[in-house]
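Notes to accompany the following structure.
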Amino acid sequence: MIVGDCYIMFIIFFRTTFLYILVIIALRIMGKRQIGELQPSELVVTIMISELASIPMQETGIPLIHGILPIVTLIILEIVFSFLTLKSEKMRQAISGTPSILIHNGKIEEKEMEKLRFNMDDLMEELRANNCPNIADVEFAILETSGQLSVIPKSQKRPVVAEDLNIDTKYEGLPLALIADGKVKTNNLSHINLSTEWLKTELGKFGIQNVKDVFFASLDTQGNLFYQLKNKAQSKK
Amino acid sequence: MKTFIIAIILLTIIVIGSLAYIYFVNYVTDPMLSELKDLDNTVLAGDWPKAQTQVALLQQRWDKKEGWMKAFIGHAELDQIQITLSRMRQYINFEDTKDFMNESSVLKLLLQSIVEKEKVSLSNLF
């Protein structure tokens, strides 16, 4: 009896592991969008996949294929539909919908709001969330297909940028991580034509003998090396 | 484009696999139904030793294919077939024609229902 129970536990363990890997693959194939930015169809597919995976996971009387097949079918449909939306604008409009303009040239589009069942409280809430509490400051407010509101303030109300003040700015690229968690990122080093030896020499100038003592190091486009030691290495010093 | 082609290939595999599976279910159940009919006739004729051999063969055939069937069909239905076969064996051992015929009818229904459930029909789709 005990042996029999162990078998069932092993079967559940195997099924859970298998379906977990399948769900991870499914979500990876679906793309890199965050949950909050999912299109309506993607959100539905994500919920369906999780539901489909959980049933055969716990119910050993249901063949695993009854869970795998619908998940694989959903992945296939998701790929096919995303390919069609990529190629055809009409398909894109039919599946993902189109953005709706709620404030147009500073004027609230009452009809559009009614059509979307979007009330004034919802609009004000979204404007506040977008750092635009005064509706008079808004030039455009667009409800995106993901359900998020994009707010474009009037030109007079936009924050001042360097160009407005005719100030020349230097190029600021992206700082490149050279060490993360004590491990040298050789790919990034070779990308900027530098070597591990160079990194060791540079760190040596700051009295760091072992690269493994560094928690994080990065190099910006001006050539400034930033580093932070691991807690253990700091206490040693 | 590469992912799209892979998706289409997978879709084709699923369609072909489904058709092959329907063929496999028929391949298992059709001979069993035919053997069951012969077994009914043997029992009705009162030839119990022959009936014992036939039911053993039926059980053997089922045991061979059940492993594969479990990968595709709900286990509760397959367990029910095993229970029915076991009962049939006992009714033959005790030479009980009436109860054997009842169980034989249940087994036929179970085998037919497996085939019916796998058919691509409007009633199954909706």
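In region A:201-228, the residues that are farther than 19 Å from A:Glu172 by Cα reach residues that are of a type in the set (Lys, Arg) and in a loop (DSSP other than H, G, I, E, B) with C-beta atoms within less than 6 angstrom, at least six apart or across chains, in these pairs: A:Asp213/A:Lys230; A:Phe215/A:Lys230. Could you tell me whether B:Ile14 is in a helix (DSSP H, G or I), without any contact (Cβ under 8 Å) to a residue 12 or more places away in the chain and open to solvent by less than 40 Å² (accessible area, probe 1.4 Å)? Yes; evaluated as a whole, the condition is true for this residue. Each residue in region A:51-70 was checked for being part of a helix (DSSP H, G or I) and either surrounded by 14 or more Cβ atoms within 10 Å (Cβ to Cβ) or in contact with a Cys (Cβ under 9 Å, 6 or more places away or on another chain) (or both), and 11 pass. If I ask for residues that are open to solvent by less than 70 Å² (accessible area, probe 1.4 Å) and polar (S, T, N, Q), which ones from region A:150-184 would you list? Hit for region A:150-184 is A:Ser150, nothing else. Listed by first and then second residue, the pairs linking a residue in region A:71-86 that is within 7 Å of another protein chain (Cβ to nearest Cβ) to a residue that is open to solvent by 20 Å² or more (accessible area, probe 1.4 Å) and not in a helix (DSSP H, G or I), with Cβ atoms under 9 Å apart and 6 or more places separating them unless they lie on different chains, are A:Phe83/B:Met1.
Number of residues in region A:97-119 that are open to solvent by less than 80 Å² (accessible area, probe 1.4 Å) and under 26 Å from A:Pro159 (Cα atoms) equals 9. Is there a residue being hydroxyl-bearing (Ser, Thr, Tyr), in contact with a strand residue (DSSP E or B) (Cβ under 8 Å, 6 or more places away or on another chain), under 30 Å from A:Ala217 (Cβ atoms) and in the same structural domain as A:Leu229 (by TED's automatic domain parsing) anywhere in region A:188-195? Scanning region A:188-195, I find no residue that is hydroxyl-bearing (Ser, Thr, Tyr), in contact with a strand residue (DSSP E or B) (Cβ under 8 Å, 6 or more places away or on another chain), under 30 Å from A:Ala217 (Cβ atoms) and in the same structural domain as A:Leu229 (by TED's automatic domain parsing), so the answer is no. Where strands (runs of 3 or more DSSP E) sit wholly within region A:89-198, those with at least 1 residues that are more than 30 Å from A:Asn210 (Cβ to Cβ) occupy A:100-104, A:138-143, A:149-153.
Quick grid of which residues meet (1) closer than 26 Å to A:Ile62 by Cα; (2) surrounded by 13 or more Cβ atoms within 10 Å (Cβ to Cβ); (3) at pLDDT below 90; (4) in contact with a His (Cβ under 9 Å, 6 or more places away or on another chain):
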site: B:Gln59; (1), (2), (3), (4): yes, yes, no, no
site: B:Ala76; (1), (2), (3), (4): yes, no, yes, no
site: B:Ile81; (1), (2), (3), (4): yes, yes, no, no
site: B:Lys98; (1), (2), (3), (4): no, no, no, no
site: B:Glu103; (1), (2), (3), (4): yes, yes, no, no
site: B:Gln112; (1), (2), (3), (4): yes, no, no, no
site: B:Val115; (1), (2), (3), (4): yes, yes, yes, no
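The values are calculated or read from the model by the stated rules, or taken from the named source; none is laboratory data. Source: prediction; values computed, not measured. Backbone-built Cβ (ideal geometry, glycine too); neighbour counts: all protein chains shown. Accessible surface areas use protein heavy atoms only, side chains included; no ligands, DNA or RNA. Shrake-Rupley method; radii C 1.70, N 1.55, O 1.52, S 1.80 Å.
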